[in-house]
Each structure stands twice: as C-alpha cells, then as structure tokens.
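For reference, the structure discussed in these notes is given below.
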C-alpha cells in the first residue's frame, strides 16, 4: 500500500519545494483512506475529469527492477540535462525541478539555461545592416583533433593556455554514451518503459473520452483564435525543395519566357544562354510538365533513399538542379533565391506560418560560409517568417575518396573555423556575422539506416588522424559537431554588456538536441520514454515518410502525440511530397483527416512547433504568451495558442506523475554518485 | 476446352460485327494451340504486357449457374439501357455493342443517345441575355397522378389526347424493378459477380506491376500536360457549403466591418441592421473563430447524420444560415451569391477546375424556381467553371405534417410544372428558361440508410392520392422524378430545326443514372458488377465519408478504381470537411497520399469526372479530345487527359473480355424474350 503514495500529484510550485506526498483524489472514488486528499492545484483551469489510479503502480515489474530502471533513467536524464546546459539548449523545467529535488538541491529559475536566439530586426530596421557588428574580441581559435580551443591571443596560444571554457572530456562523453546505450538494451528498463508508455497512451484515451467536449468548449469560447490563426512553424524543410513541383515548373517556364538570351551557365569554358542550356538538353520548356520534371516522389521511391536523392535533379538533369536549386552557380544562385523569396512572400501573406529551411554546408572548403552569406545578402533573402538551419551531409567518405579533403579534421575546420572567427571578430567578418543572426541550428543528414563498421569510443582516432576513406560513424560525427557548437554557443551567448549573437542548436539524438522524424523511436521503448520525460522535440513528416519508409496510417505520430511526446509536424520536402500550394496546411489537413485529430490536438502540435523552433524569445512571447517558459497551464495563453487549459493541465499533471514515480524510487537510496 | 474460347479479346470495330472468336495471344506463352492468334488491335497503343488466362473461366461456378447469372445480368443491362435511352442519358457504347450483338442486331452510331447539355455562351456573348428564348410551342401540360401529360392545346387536353411521347408504363417499371431486386439477391449471380470482381481487382494488380513504368513513361513524354493542368470537375458539392469554413468566417467579418448599418433582416415586422443581428445573438464578429462558428465536421458527427445537418447553422444560429447561406432572405440572397462568386473566381483563376454545385428545390411552392432564377440573374452568378445541379430533399413528410402540402402529387407539381412551362413556352418564362440552360441535373438527397415501411409496386397509391404524413420510399420518389425528367428531356432535346435547351440527368441508382458516394455498392457484388458493366458514374467523397460513416483508409474508392468502375472524386462539402483553400486538390492529394495513387490513376479519375459531368459536348471535346465519345484508346487524347494509352487499352480490353463472357453464355439460347 505504501507504493500507492507515488500516485501523488506532485506539482512543482513557483517556489519549488520537495514534492508533497498528497495524492490526488478522484472525486468518484470516495472510499479511499483519509490520507488521499485533493492537492491544491496552483493554477486556474476549467473543471475536468481527472484519471487517477490507486494500488500498486509497478505491477508487472519487481520492486528491484523498478528501482534499477528508475535509477538508470534518472541517470540518463541527468546526462541529457548536463549536455543541454553546456550547449545552451533547452531542458524542460518540470523535469529539471524533479531532478533537483531528487538530489536535494534547490531549483532556481536563475539557473535555468535556454537557447537565446537572435531577435529579428524591427520593421523599420534594415535586416542587411552590416554596420552593427560588435567589436572584435581578438581571440585566437584553433581546432586541434576536432576540438576547438580559444586563446586570448597568439602568445597564449603559443603557451598553450586556452581561455577558461567548458572544454569537453572525451572519456566522460563516451562513458555517458555507453550508459545510455546499455540502458536502451537493458531488459528490466525496457519492460518498465514499455509499460509506462502503454499506460500513457491508455490514460490519454480515457482523458479524451471524458474531456473532449470540455476541451472543445474552451476553444469555442476562446475569442478570435482558431486553428487557422495560431502560429505554426515548419520545423523540418529543405530549402532546395521548399517550393512545390508546380511552383518550380512555373518558375522554369517563366525564366525561359522572359530571359532566354541571358547567359546563365558556363560549360567547358563556353558561356551558355538559358536557351542554349535547354537546347543542349533537347528540351522545350513549353512542353515541360511535372511528370517530365520528375521531381515528385513516386511509388518507386519507397524504401529507395538513393532514388529519393536523385529526384532532386529536374528532368534527371543535374544542369537544371545546378541552375535553379543551388546557391553557387554562374548566376550567383539568383534563380534559387528568387524562388525561395516567392515562398517567403506567401508565408508573409499567410501571416501565421513560419518555416526553418535547411541550407547545406559540406565542409569541402573554408569559403562555403562566406559564399552562402553573400548569396543571402546579395539577393536579400531575409524574411521575418524564415529562420535558417544548416544541414551538414555526412559524406566525408565521398570527399575523401575524391581527395578533396585530407582528413575528417579538415572537414570540421572548414565547417567551424569560419563560425568561430565571425563570432570572435565580427567586424572582420561582417557578412557572415550578419547571416549567422538568422541561422538558428544545425542538422546532420544522411540515411540513418546505413551502418558503419566502426564503434565510437575514446580509443577512436581523433579527426586529424582520421584520414582513411571510411566514413566515421554517426556518433562520431555528432560528438564533434556537438563539441564545436557547444563552444561556439558559449562564445555567442550574451556576455557582460553584450547582446546575444544568437545561439544554435543541433538536431540529433538523446545526447544532443532535437530528433527529426522519430521513426526509429517507435522501436525503442527506453529511448521513447526518455524522449517523453525530457520532452525532446520531434519534428515529424508523415507524408515524406509515407513516400520513403512507412505507410501513412502506420506512422507513429498519432501515438506519440497521445502519449505526450513533444511532436511537431513538418513538410520535409514539398517539392517531392505535396500537391497543393499550402504544403504545411496540407500536412496538417491530412494528419487531421486520417487520424481524426481534434482542433485541440492540431493546436497542441502547432504550439509545440513554435516551442521547438528557433524563433526568438520575443516572438515566442508574442505567439504563445508571455509566460511560455513556464510549463503546464500557467505557461499557456489560450488566447494565443488555442490549446485548451484542460489539455495543458492533463499533460502537465501526467508528466509530474511519471516523474514522481522515478523520484519515489530514488528516495530509498543516495544518488549523489550520479550527479555531475 | 471449348470454354477457353471466351477468353477472346473481342474488340468492337467501328463497323461493328459479331465478336470474333480469336483470342489474344500472350507473347510470353508461345506453346498455346494454333487457334490462339493475336487479334488485330484496331488502335495504336505503346507495347505493354497483357494479362490473359487460359483454361476454364467459370471455375467455381457450375455451367448452369453461369448461364443463369449471365442471362440475368444481360437482362438487367438491357433494362438499364432502355431507361437511359428514354431519358437521354449516357450508356456506354461498348456495352451497347455487345448487347446488340447478343440480340443479333446491328449497332449503329446514329442510334446512340447521349445527354445533350447546353453549351455555355462564348466569351463575347452575354450569359444573361433574356432575348434569345425560342418561340413558344403553346403546348399544354398537366401532371396527373404524378405523370406529366403534354397536349397540343387545350382542346386536345379536354379530349384527353396527349402528344405522342414515350409515356411510362408503371407496370413494366415495377416488373423491371423487381427483376433487378431479385437479381441482387440471387445466390448464384452473387457468387458469379463476386468472383468476377475479385478477378478484375487481381488483374489490375498484375497490370500495375507489369506496366506501371511504361504508363509513367508515356506520361513523362507527354508534352505540356500533367496532373495540374488536366481538367477536373467537382461532381458532388453543395452550393451552401462550397466555401470552406475560413472563407465563410472571413466573409462574415468583412460584411460586419464594411456594412454594419445595412438592414439585412426583418424579425417580427422589425427591420434589423447587421449590427443588430449580431447584437441579438450576443456576438462580436471580431471574436468569431472557426471553432465558435462550429460548421466543421468534428469527431462528434461520425455516424450522426442528424448532427451533420445542424452543422450548417453557423454558431448554431439559424439566423446566420438564413442571412449568409440562403438564396431567399431579406437581402435577396446577396451575401450567399457573393460568396459563391468568390469561389467561382478562384476556379476561373485556377483555370482547370470545374464544379457542379447543388442548389435546393423543395417543392413547397411553385415559386421556388422563379425565385432561384431571379437570384441567379440579379446577382450575376454565372461562371464558365460552374454548372448547377438541383437537389430535391426527400422531406415530403415534414411538409405534409406542417400542412404545407396536401399530397405528394402537389410536391411533384411544384417541382416540375414550372420546368415544363419554361421548356414549352420559353418566351413567357424568360428568366427560368435562361437559368435552366446552366442546370444540368437533379439529385435526390437524404440519409439513404433510413428505411421506409412501404414497398413500391404498381399497387401503390398514386401521388395525388398519397396524402398521408408518411414519406414515400426512395424508389417511389425516384420513379416519379425519373418519369418527369424523362418527359422533360424529350421536350428539351434538339427538335427539328431547334437547338437543344439542354437535357438534365438524375443521379441515383441502377435504374436511373448516377450514383453518388457508392458506399452501399461495396456490400452488393451484383450491383457493383452491373455498375462496372454499364460504367455507371460514381462520384465519391472519401473525406466526407471519413467524417460521417467510414474511416478514410477503408473507403472503397481505391478498390473501385482498380476494378475499373467509373469513379470520380468530389468534395461534397468543403465547409465541413476541408482545411485548405483548394478543396478539390486537397481531396485528390489525400487520396493520392493515403492510397499511393499514381499520376495515371489521378488523371484517370479526373478524366472520369469530366465525362460524368454536365459539361457540354463542345467542352468535353476540348478537355478530353474530339473523339471522347469513342471508348478505349481511340477515345482518349493523351495530350489533353494525361491518361496513358496503355491504361485505356487495359480498361477497354478488360471490359470487352467481361462482356464476351456474358455474350458466350447467351449464344447457347435465344434471348429474344428478354428484349423490349
């Protein structure tokens, strides 16, 4: 009977104290012992029917297994919190409060770390103003063995005395990684997580049955705001595919009609007009159709990631991809910029839709960043409705085999040295400094089902010595990207008297930040439960998955949403996967139709997408409410989000309930050994 | 072995002769007896892999059952053909050719009957020109017992000598009806049809596997035409719901902002401004949202047809429905007309989308038609991208119980007498004559799952005597609507020296014309197979069904399409079921995504929708090709439809194959008894 106490609804108040042991009372069950008193709910929320369970809550798991699982999960959460904190990434406040309490520490709002993205310029400000770069710090940067070191000056570098920054410790990292990997495979933990996840799903079903009408009632009486005018961010979309196939086709035809005689390419030293390019391909743009363009994912692409990539070549011709979908070409990426801007204008008109398109940095040469920044400024690509993510394809092996790169270390240098220099000495790198204000994150892209033979450990060769033609494994890529971004953010975060230059996030697995797609999650209950507890953002693209991997109705989005994972909807690739002009709305509409999602579900997903995005604090306050950093109903402004407070309370109380279970298990033993 | 001969690919040539008995040879199976010689295919089609089966084709059914089933099916087809012909409705040429051959008659193209819809005005013509009405015929019309009689003049009426027209014979009709009903329930026929339908589905799967790439190759090399610029008709959509919820909301807000002080309603003799209307509802339009509007189908509408209908009241207020969604109100239906015209402008801009919105005629009073015509002309609602369907709700019982109508006969009079008068004496009814040019059909609407206690037969009371408060059954409604439309079309069809006034179709079950939704079809193999053989148009709305009856992925659309039924996609009700501005594209996109339809599938559906629609012969020639009346590849112009010729050949040869089976069974006996 003692176990029943952990059914307690322990809701952290603003002044966080140790969780109370007063369990919530289900009004319909008045025969419980007198210790079951209703908890004082510290927030206003309309009446709704709460689901609570009494009796032994770890039924099906032995007490030993339960305690072992809880201990390991808490350790994993502490690891996640540590790495989030170091890199200025967001970690949920509620989970953090519970972790503090378990360690008998006092949680303080001042200690909280969150990503501090750059605020976009005001309407009367020039988004391309190169003159507001802060003063140079004149530090010196050197990447050694893949790890960046920052020195006050050249002398200190020669003395090998770097500035005091949280340099990483590869041994600790690999130890932490091995803990997480062992946890994922641990039988009892799997069972425990599996049961908790099933419970979460069933609990939501009950909640939905009981409160659906009350939630909708809240929304109906919420003035002015509905699903159409809540903000939505397309959290995963490739810039080179952000226009749909019809848009691309129309643009190609338009350029051909208006400027056939413009010189647009150079082949073997010979300049070619647009007309000549099409002649050389034996093509008349008038005849071109979306079928002959052949950039849309057909049924042939299912399970064929290789074909998927070749779909980026219009009419199968890499010439057209180079001309229309690249930032670097004879016309300085003008066509591509024009199309991206057309997409941006549509978003600005729609007013409520934002997007985070991805541009590629390959690490082939140190000039890539500057070229990208120049493209951005020259063609005035800025839009208030867009923030930029940099995707780094994991194709070192290809560059190495073509002898473009001598080592993996050189690739890292090409990717990160320009960023450090623009951050340290912005006055010397005004263009890149400016562009980076609008860059909010990194993504590492490739087919994740590909396996590498190598197992990453502290014995692995360091990047400078990684000169073989073999591609390093995913975890290796991620570690070195994480380390560089972590240090970079420590330099970019607001320093005394300075405004933030805008931090960047890294999208990837449990150790770092955001997961995209999340398909692999459905196979690992432990990882999935950790994603739940740490509320790790997951950007899902069921239409894209539908074409590539997984039938639409089998996509786990609905299941994840029900369990309370932090999911958002994204298009990934409107050129290949969408039919209408409003790709993101198409994505939401299909999800709503196929899974019969309620308006509240849709608005919850939209709210998640804003939280997950790289929009600035100011924008998030405007779109979600001034208290958006708080969790639960307090952090929600229904007038802006159209998410029912009942839903918010359910999510919040459910998360607290799950965390209390871990907390109860930990009380019996000291966990000081687990803390950093 | 003798049965194998009916595998013959009997393709009717232009000069139709008795089907040849030369079966087609699959090139990959050269060991067949020498009688298997390749047939001369009379049309050009790219090489593709044909599926043919040798051996006994009625395996699983005894020869007796097969012959009995074939006989009954042929009889049902002859019935269908007879009623189509009488009412100037379309019957497929191929099926007709086979039926002729079975009766040893010679099929002649001149004998073919097809609906002769009115051609829309040219661009320089005035669509509202009231002065081109043809001369009055000065006939006299009288509906007696639900049957219209046309007399040369009053004297002939008094002599009771009507003009020679194909007046119906209730006894024959009920006999035919009972044949069809018995057939649907007949065990051996069910088995036979079930097996044929399964065969059709598997055959398509094979075809798809073998020829998918060849079909797509045809489309890729088809210049200028793709899925986006083939014509599509929304074949089933309610005018009062043709704008989506966001559009309606925006329109309401706009009127409130621009004309709050306009008098828009009269309540108990008191005139009310728009502002007062909203005040009386305690509503500020600024606060209005799609949630509070509450016109979208939620999860609560599933299996609740009653709720579905109440969704037409914005904010649950019938005042707003009357003001914004009706043609008859204080402002003469101006708001409704303006919204419909906004939808029309979007269609015209999109250029390739057409729609057939439904307006209601209730039969409460004889003025309804004139009011509708006046509304149409006053607000200039004509659009080249719209044709109008009249829906007649089957709610006699409601009107009778409120004593608005004395009998069912009076309701029929209210609905049809104005039509006959405008047709016979157009100069006296210029407004209605003009409006009718753009009306292309009727639909009878209600919840078809409702059952009536009465069984229609020639013993049923005639409409003038049907004075009880009970609603007549569906078949009773349909018979009298059919009879009236049949006679009407006989008057409206081009007579010597006269241009057609445009015929009208009736959407309903097997005996008459078009089936909408088709959900009930999936439960009746016999009906389904007859729909296949007679290529009866089926307009399906999976998104609407998804909200009302049937989960999306379980909708039979994909299965029907594969089997070769004549399906089109329609939105039914964008206000309730769609999210984006492009409702029809949303419908196509979701079908494409959920069922992974190919471009060829989508274009086949689009082509079907044009064929099914009330667009004129001239438009169909322009959108489908000049030979669209021919069937098979000959009738298809890929440059206009983007449907692969391989697909057309497959469909055509498959239909011929199915019809040959029936034909073979009939050869053994005389069928002269079956013919009319």
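The values are calculated or read from the model by the stated rules, or taken from the named source; none is laboratory data. All values derive from a computational prediction rather than experimental measurement. Positions of Cβ are backbone-derived with ideal geometry, glycine not excepted, and every protein chain shown enters the neighbour counts.
Scanning region A:612-627 for residues that are buried (at least 19 other Cβ atoms within 10 Å of the Cβ), outside any loop (DSSP other than H, G, I, E, B) and at pLDDT below 95 yields a single hit, A:612. Could you go through region A:315-334 and let me know if any residue there is surrounded by 21 or more Cβ atoms within 10 Å (Cβ to Cβ), under 25 Å from the mean Cα position of the chain (by Cα), touching a residue at least 12 places away in the same chain (Cβ under 8 Å) and under 30 Å from residue B:224 (Cβ atoms). Yes - at least one qualifying residue is present in region A:315-334. In the set (1) under 22 Å from residue A:565 (Cα atoms); (2) at pLDDT 85 or above, residue A:12 fails one condition alone, (2). Residues that are part of a helix (DSSP H, G or I) and either touching a strand residue (DSSP E or B) at 6+ places or on another chain (Cβ under 7 Å) or free of Cβ contacts under 8 Å to residues at least 24 places away in the same chain (or both) occur in region B:132-146; there is at least one. Would you mind stating whether residue B:396 is under 26 Å from the mean Cα position of the chain (by Cα) and crowded, with 22+ Cβ neighbours inside 10 Å? So residue B:396 fits the description; yes.
Inside region A:569-591, residues that are touching a strand residue (DSSP E or B) at 6+ places or on another chain (Cβ under 9 Å) and assigned to a loop (DSSP other than H, G, I, E, B) make up a count of 4.
Residues of region A:585-594 include none that is more than 14 Å from chain B (Cβ to nearest Cβ) and either within 30 Å of residue A:249 (Cα to Cα) or surrounded by 21 or more Cβ atoms within 10 Å (Cβ to Cβ) (or both). Can you confirm whether region A:572-579 contains a residue that is modelled with pLDDT under 95, under 20 Å from the mean Cα position of the chain (by Cα) and more than 12 Å from chain B (Cβ to nearest Cβ)? Yes, some residue in region A:572-579 is modelled with pLDDT under 95, under 20 Å from the mean Cα position of the chain (by Cα) and more than 12 Å from chain B (Cβ to nearest Cβ). When B:627, B:636 are checked against the criterion of being free of Cβ contacts under 8 Å to residues at least 12 places away in the same chain, out of contact with any strand residue (DSSP E or B) (no Cβ under 7 Å at 6 or more places or on another chain) and more than 13 Å from every other protein chain (Cβ to nearest Cβ), a single residue qualifies: B:627. Taking region B:154-256 and the helices (runs of 4 or more DSSP H) fully enclosed by it, the elements with 2 or more residues that are surrounded by 17 or more Cβ atoms within 10 Å (Cβ to Cβ), touching a helix residue (DSSP H, G or I) at 6+ places or on another chain (Cβ under 6 Å) and away from chain A (no Cβ under 14 Å) are at B:170-185, B:187-220. When residue A:312 is tested against (1) in a loop (DSSP other than H, G, I, E, B); (2) modelled with pLDDT of 80 or more; (3) on the phi < 0 side of the Ramachandran plot; (4) surrounded by fewer than 18 Cβ atoms within 10 Å (Cβ to Cβ), just one condition goes unmet, and that condition is (2). If you go through region B:519-561 and pick out every residue that is touching a helix residue (DSSP H, G or I) at 6+ places or on another chain (Cβ under 6 Å), modelled with pLDDT under 90, within 14 Å of chain A (Cβ to nearest Cβ) and under 22 Å from residue B:194 (Cα atoms), you end up with 2. Scanning region B:277-295 for residues that are at the interface with chain A (Cβ under 7 Å from one of its Cβ atoms), closer than 20 Å to residue B:259 by Cβ and in a loop (DSSP other than H, G, I, E, B) yields a total of 0.
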